[in-house]
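The next block holds one structure in the form of structure tokens; read it before the comments.
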Amino acid sequence: MSEPARIEADPTVPAIHIYRDFRATPAQLVRAHTDPELVPLWMGPARRTMEVDYWDARSGGSWRYVDRTDGVELGFHGCFHEISDSRIVQTFTFEGMPEAVALETMVFQDLGDGMTRLHAWSLVDSFEGRDAWLASGMETGVNEGYAALDALLAAGRV
Amino acid sequence: MEEQLTLVFGALADPTRRDIVARLAVGDATVGELAAPYDISVQAISKHLKVLEGAGLVTKTAAAQRRSVHLEADVFGLMTTWIERYQRQAEERFRRLDALLEQMDQDGNVIPTTQETSS
């Protein structure tokens with residue numbers, strides 16, 4: 001069994017780091033992160049439907065998906081800045097907060113013996129934004145009472 | 001609560017303040033004691049302490065004639081709670097990824113199992 005994911009809030013820049021080892025090759029992990037047929041099978045929060053709107057997985061391409069839960073639609077979009085054999089760099093925007101954009105980097109390090117270490121980090125533009133994201137559970141912010149978002153939803157603005 | 005968390009992370013964004021917190025984790029100390037290892041004034045240390053106090057990370061106590069600074073460990077519990085929840089959600093997601101990777105061949109193609117996953 002793999003060790004559970006390790007999370008660190010970066011003390012020097014507004015970023016969150018995730019580390020996790022997988023029994024897989026870097027190529028398999030890149031595939032799982034870029035194939036639009038595969039991504040919805042694992043990435044979306046449990047008990048939700050993640051529907052890919054568009055997904056052009058190449059350096060310079062763009063992506064968008066919609067998360068549908070109980071009739072509520074939440075959109076997410078961004079650009080693939082770089083996709084290589086061992087690294088994915090992309091932007092991430094939750095459309096409920098359209099002015100906020102995170103820069104996400106995923107590095108897949110081959111550990112040998114069929115194991116690969118994922119180091120993923122999200123860089124946002126302020127510590128306040130990072131902490132709100134962390135506090136909201138990151139998924140969408142609605143999980144457990146992210147009041148500002150709930151208000152937006154209630155107002156029909158999302 | 002989220003507001004306090006922002007203050008906590010903001011307070012800990014500074015390396016000197018993190019050092020001060022690390023020092024206080026060992027035990028209470030006076031402002032002078034805290035300033036001693038640094039090449040900065042007691043006034044500058046006091047400024048840092050104000051930020052830490054504002055975030056609820058430290059309090060000033062006046063035991064006997066000695067005014068010392070005390071670390072409030074509870075606040076770290078709050079931060080830990082957020083990070084633990086975030087960690088749980090990430091781990092849930094990665095378990096689903098583990099399951100998917102198990103079905104993948106060397107070329108990255110997924111061999112469908114009995115469970116129908118596409119809609």
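May I ask you to list the residues in segment B:1-14 that are more than 8 Å from chain A (Cβ to nearest Cβ), modelled with pLDDT of 75 or more and either surrounded by fewer than 17 Cβ atoms within 10 Å (Cβ to Cβ) or within 17 Å of B:A44 (Cα to Cα) (or both)? Once the filter is applied, which keeps residues that are more than 8 Å from chain A (Cβ to nearest Cβ), modelled with pLDDT of 75 or more and either surrounded by fewer than 17 Cβ atoms within 10 Å (Cβ to Cβ) or within 17 Å of B:A44 (Cα to Cα) (or both), segment B:1-14 yields B:A11, B:D14.
Listed residues B:S68, B:S41, B:S46; which is loosely packed, with under 11 Cβ neighbours inside 10 Å and among the small types (G, A, S)? Every option except B:S41 fails the conditions. Using beta carbons and a limit of 8 Å, which pairs, at least six apart or on different chains, have the first residue in segment B:91-103 and without any contact (Cβ under 8 Å) to a residue 24 or more places away in the chain and assigned to a helix (DSSP H, G or I) and the second one surrounded by 19 or more Cβ atoms within 10 Å (Cβ to Cβ) and polar (S, T, N, Q)? Short answer, once both residue conditions are applied: B:L101/A:Q28.
Matching residues to (1) of a type in the set (K, R); (2) within 14 Å of chain B (Cβ to nearest Cβ):
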| position | (1), (2) |
| --- | --- |
| A:R6 | yes, yes |
| A:F22 | no, yes |
| A:L29 | no, yes |
| A:D53 | no, no |
| A:G61 | no, no |
| A:L74 | no, no |
| A:F92 | no, no |
| A:M97 | no, no |
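Identification of strands (runs of 3 or more DSSP E) wholly contained in segment A:31-108 with 2 or more residues that are within 25 Å of A:R130 (Cβ to Cβ) yields A:62-69, A:72-83, A:87-94.
Residue selection: A:E37 fails the criterion of being among the acidic types (D, E) and away from every other protein chain (no Cβ under 14 Å). The residue that is surrounded by the most Cβ atoms within 10 Å (Cβ to Cβ), counting only those in segment A:48-94 that are modelled with pLDDT under 90 and of a type in the set (K, R), is A:R48.
The values are calculated or read from the model by the stated rules, or taken from the named source; none is laboratory data. Owing to the predicted nature of the structure, the values given are computational and were not obtained by experimental measurement. Reconstructed Cβ throughout: ideal geometry from the backbone, glycine too, with neighbour counts over all protein chains shown.
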